[in-house]
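Read the figures in this text as sums done on the coordinates, not as results from a lab. Please read these numbers as outputs of a predicted model, since none were measured by experiment. With ideal geometry, Cβ positions are generated from the backbone for all residues, glycine too; neighbour counts draw on all protein chains shown.
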Amino acid sequence: MMDRNRAITNPVWSAELKAAWEAVPLAAGRWNVAGSPYLWIAVILVVALTRWPAISPQLYSFDSVNLALALNEFNPTLNQPQPPGYPVFVLVARSLYPLLGSPENTFAAMQLLISVLALGFLYKLTALLFSARVAFIACALFLFNPVFWYSGLTSPLRPHLAFLSILFAYFCFQAIENRRWNFLMASFTLGLAGGFRPELSLVLFPLWLWTGWRCADLRLLLRGFAIIGITTWLWLANLAAASGGFASMMAYFQEYLSTQTFQTSVLQAAPLPGWRRMVGRVVIWLSLGALPWLWAIPFGWKDRAQLLERVDRFVLLGLWLVPAAIFNMVLHSADPDHLLASIPVICIIGGLCLDAAESRLNCTWWTTGWTGTARARAVGAVAIAGSLAGLYFAFPDDTYARTGLAIWFSVALAILVCSPLKPFGRAWPLLTIALIGNMLLFFGEFPFPTGPAAGGFRGLASLRDAFLGGRYESSYARIRWTSERMADTARDVPRIRAASSRPLVFIWSRDGEPSWRKVTYYLPKDKVYVLDEAGDPGSPASQAVLWTANKPSARFSGTAPVQLPIPRGARLIWFIAGGKVAELSRTIPVRQAPGFLYSDLPREMESLRWGSFEFVPQ
């Protein structure tokens, strides 16, 4: 059979014949939407291979512990989970919990399942919007996008931002294409999405309105609005009931929102450095997975005339992307995966640009010279060698697990080039290069920011530090370090306890790792002081709370020093940020364990002052 790219660029062929030839693989090939079994089998395999080996066996984050506590007692006013409560998510997780036996297993299964659904429907949507080729590239970019990868390993909740926005856009486009009943499905999805992440109802509403306008049916629009209202009321009433009523819920949620955003949101009159840092992180996290393919934008621009014939597709993408990005910039973006409602659009645009670049380069130098088999093998060898070399230097502590991971990912990428499946009858060298770039952004060991965390804008130095900080926060290095800290703590605390008869007191201060919520969850019988200095995020005054398991047993505040009672001769286990270690060492001798620091107080010591707090032996 004639090579596809040569056929459709043959100057002898008529425009009609070229169009017919180009349409055949898209309508009948196994990579088309119609080949659903192949699609879902492929997606399940790639998600399992890229996510399952690296998922932490313990709950990863503070928020994950809150969600785990909600499996037994759903009460957002107790941060089980934290506002806005996520009632539909909790309902789904509770339905799986008895089958899977533990929060860790339940959440791992949800992370894998939602990642599969997000990728599968992204393929279906993009194939309908543009072509199966673009869909293939967009899904590959999304699979290896550092933020989506990070979320699939760390959060059972936030991948829903991607999946529900993709599913909603899928139904919207189907409705526009004269399948009007899909508008009702889009309305139901929008109402349901609010029960997973309430901001989705807000940021996707402009796209819903535009879709309703394109359907040009007032009765259909009103029916869709009624579906949104009923669906929203069902989960909202359940949320209010669990929070002690609407008044109690609104008062607590408003207070929580204020403490979370008063230092970063422009709506709260935040200081400029805090808001500037948040906006910078939004831009970095949105563009991080796009960096390896930005060079392909000129190729997509050359095809703009053909693409603009489908202007409604780009309006849909714009109404999907822009409101979500603005919301994240002006209100709250504390973690990379808060941006997952927008990132699928970036990957679709990347699919368009890389498809254009692959087509043009395949039509010129890439199709001349070597035979197809020789080209595929050569590119496969280069891909394997390059990715292995890059990942070898990315992992200086070359353990068996990391070497194995590097090899498997390199082989998986090489398969995209030299696989006998040959998606759409061609190799994809430029896509492979882009995916290797994404892998290195996710797995690579980059230097940490060197400048001050706050202060004036320092030009290129600030941009460099912002990029390094944003990249690290969405990297495997962060996942590995965070997971190891909790694993080390759970392993070493019993050993430290058994080595001495001293009573243990845990002390956690801002940015300590593991977070105090994880410590109290996995060590529920121990007491943990949680310290907040005045000026910490959400802390207008210095205060301390003594926690045992998920219950606060005492609260302390007032003018400095705030006095905190501890047993005489106690062993203090410190969970503090790395920058505070030297300060603590000047105050009291400390010893290092893999997951924490600890100090033994002399029995004759009368008090210990650290920061705004004074520990008073009793």
How much net charge surrounds Gly152 when only other residues with a Cβ under 11 Å from its Cβ are counted (Lys, Arg +1; Asp, Glu -1)? +1
Placing each pseudo-label 7 Å from Cα in the direction of the beta carbon, Leu128 and Leu99 end up separated by a distance in nanometres of 2.6
Summing Lys, Arg as +1 and Asp, Glu as -1, what charge do residues with Cβ under 12 Å from the Cβ of His338 carry, His338 excluded? -2
Volume in Å³ per residue [convex hull over Cα atoms, computed for segment 461-560]: 147
For segment 479-617, rounded, prolate or oblate, judged on the Cα gyration tensor with a ≥ b ≥ c (square roots of eigenvalues), a/c < 1.5 rounded, else prolate if a/b > b/c? rounded
Tensor-based shape of segment 32-359 (alpha-carbon gyration tensor, a/c under 1.5 rounded, otherwise prolate or oblate): rounded
Rounded if a/c is under 1.5, else prolate if a/b beats b/c, else oblate: with a ≥ b ≥ c from the C-alpha gyration tensor eigenvalues square-rooted, which is segment 313-355? oblate
Sequence-distant residues sharing a close amide H with Ala554 (under 5 Å, placed H): Leu546
Within segment 32-359: Cβ-based charge dipole about Cα centre, in debye rounded to nearest 20 (Lys, Arg +1; Asp, Glu -1): 480
I'd like to compare 167-179, 131-143, 604-616: which one has the highest average count of other Cβ atoms within 10 Å, and what's the full order after that? 131-143, 167-179, 604-616
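Ranking request for peptides 110-117, 488-495: highest mean number of other beta-carbon atoms within 10 Å first, then the rest in descending order.
110-117, 488-495
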What's the ranking of 76-84, 193-201 by average number of surrounding C-beta atoms within 10 Å, highest first? 193-201, 76-84
Segment 538-605: relative contact order in percent, alpha carbon pairs under 8 Å with at least 6 residues between: 26
Per residue of segment 593-609, in order, report the coupling 6.51 cos²θ - 1.76 cosθ + 1.60 (Karplus, θ = phi - 60°) as ³J(HN,Hα) in whole Hz, putting x for Gly and Pro. 10, x, x, 6, 10, 8, 9, 9, 7, x, 5, 7, 5, 8, 6, 9, 9
What percentage of all Cα-Cα pairs in segment 570-612 are separated by more than 17 Å? 25
